[in-house]
1. Restrict the check to the range B:174-185 and report whether at least one residue is part of a loop (DSSP other than H, G, I, E, B), open to solvent by 30 Å² or more (accessible area, probe 1.4 Å), within 14 Å of another protein chain (Cβ to nearest Cβ) and closer than 25 Å to residue A:159 by Cβ.
2. Considering only residues of the range B:122-137 that are surrounded by 14 or more Cβ atoms within 10 Å (Cβ to Cβ) and away from ligand 1 (no atom under 16 Å from the Cβ), which is farthest from residue B:19 (Cα to Cα)?
3. Output the qualifying pairs, or none if there are none: Cβ atoms under 7 angstrom, residues six or more apart or on different chains, first residue in the range A:122-148 and over 24 Å from residue A:102 (Cβ atoms), second residue open to solvent by 60 Å² or more (accessible area, probe 1.4 Å).
4. Which of the residues that make up the range B:152-184 are more than 16 Å from the chain's Cα centre (by Cα) and closer than 19 Å to residue B:131 by Cβ?
5. For the range B:138-168, which positions are farther than 19 Å from residue B:16 by Cβ, within 12 Å of ligand 1 (Cβ to nearest atom), crowded, with 19+ Cβ neighbours inside 10 Å and not basic (Lys, Arg)?
6. Of everything in the range B:78-95 that's facing chain A (nearest Cβ under 8 Å) and within 26 Å of residue B:40 (Cα to Cα), which residue is nearest to ligand 2 (Cβ to nearest atom)?
7. In the range B:42-64, which residues are in contact with an Asp or Glu (Cβ under 9 Å, 6 or more places away or on another chain) and under 19 Å from residue B:186 (Cβ atoms)?
8. Across the range B:1-19, which residue is nearest to residue B:134 (Cα to Cα) among those that are within 7 Å of chain A (Cβ to nearest Cβ) and aromatic (Phe, Trp, Tyr)?
Amino acid sequence: MSHGAATLGAACSVSSNTFNLHDLEYQRIQTVLTRMQKELRAQLVLLINRSGQPIVISGPAENIDCTALASLAAANLAATDGLANIVGEREFSVLVHQGRQRSLFISDLLKRFSLVLVFDASASSGLVRYKCKRTILLLEEIIQEFQRKIEKEEPVTGIPQFTDEELEELLR
Amino acid sequence: MTFINYVAREINCKIVYYGPGLGGKTTNLQYVYQITNAENKGKLISLATETERTLFFDFLPIDFGQIRGFRTRFHLYTVPGQVFYDSSRKLILKGADGIVFVADSQEERLDANLESISNLAQNLQEQGFDIAKIPYVLQLNKRDLPSALPVEELTRHLLIKGEPVFEAVAPKGDGVLPTLKAVARQVLIELRKSA
Ligand SMILES: Nc1nc2c(ncn2[C@@H]2O[C@H](COP(=O)(O)OP(=O)(O)OP(=O)(O)O)[C@@H](O)[C@H]2O)c(=O)[nH]1
Ligand SMILES: [Mg+2]
């Protein structure tokens, strides 16, 4: 399975149990991620949800499996949250894994999302932290604004109303 | 959490295989991986101990094809069945759209099945979900073993709400796909309702 599709699209409404990504929010998130990716010359920047699904991807991402990365990053963050609880911390909101060539930065975003960054190990991790913090604030703003909008307006429409026959055809 | 991406036109759902240790959850995913075309699957990731017991989870993304112009992608996860990994199970269960309960049909595992179902109900409840409402399928695995209890007896003990039941021999693939399709069907019907 390629990860190309997630690169093409996404942006978001968050109801209790579904998350819908629409064009406008997708564009805004993509812009923010791309700016950060360029500034840090990061290999890859992803916004994922805490279930481990990639939502918006920015970067060349050559030979990185974004689906697998998102799933493992979400699990990693979840496990770390569990560890934090055990030692009496509310959370460890940021994880940095320093490698020899590539490093990984994983941060919480509003408890429902996470920002994941793959960057050159030679980059300053202080700079990465700083930029990520700023990016997260921007993303939080976009997502919260969108959430307020959908709370005021009609519930999100556009959930495909397929027929039972179409469903059976899919599951054939 | 179902994730609908209107830009890429994708529906993303999370399905969790739950059940007692050694019941065959990982084997279900391995079989699905084996028989799925390369273009419709991602890597199978297994975080396991050196003895191949699941330590954290297995993960397999698969693509079912399109419906109304939307690609349907399912992220399949297994939990570690061993009792003492409960905190890991809770983490994996988060955001699940549907559950497959893989029961071990052997007589000597009946108590482990029952314990695991009640553990599932409890963990779902902690996350604000009701086992009676979430898409849910029961798989009776290891039907090939001599000590397997009769189906009627197992369903009498394990059925919780009239969910679909499938007999399976996971290493041979018997019952594996029907189980997966049944839970996928329920998840998509739920999604359609949420409009
Ligand atoms: N005979 C028989 N063996 C099976 C069947 N399903 C699984 N097994 C075997 O049972 C063992 C355990 O299977 P797994 O799939 O690893 O079990 P699991 O539920 O993932 O176990 P945990 O990871 O510990 O929770 C393996 O050796 C499988 O080959 C079955 O239907 N019949
Ligand atoms: Mg396993």
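1. So far as the range B:174-185 goes, no, none of its residues is part of a loop (DSSP other than H, G, I, E, B), open to solvent by 30 Å² or more (accessible area, probe 1.4 Å), within 14 Å of another protein chain (Cβ to nearest Cβ) and closer than 25 Å to residue A:159 by Cβ.
2. Selected residue: B:129.
3. These pairs meet every condition: A:142/A:28.
4. B:154, B:155, B:156, B:157, B:161, B:162
5. Result: B:148, single match.
6. Ranking the candidates gives B:92 first.
7. B:63
8. Looking at residues that are within 7 Å of chain A (Cβ to nearest Cβ) and aromatic (Phe, Trp, Tyr), I get B:3.
The values are calculated or read from the model by the stated rules, or taken from the named source; none is laboratory data. Everything quoted here is computed from the prediction, not taken from an experiment. Cβ coordinates were reconstructed from backbone atoms using ideal geometry, including for glycine residues, and neighbour counts include every protein chain displayed. Side chains are part of the model used for accessible areas, which takes the heavy atoms of the whole protein and leaves out ligands, DNA and RNA. Shrake-Rupley method; radii C 1.70, N 1.55, O 1.52, S 1.80 Å.
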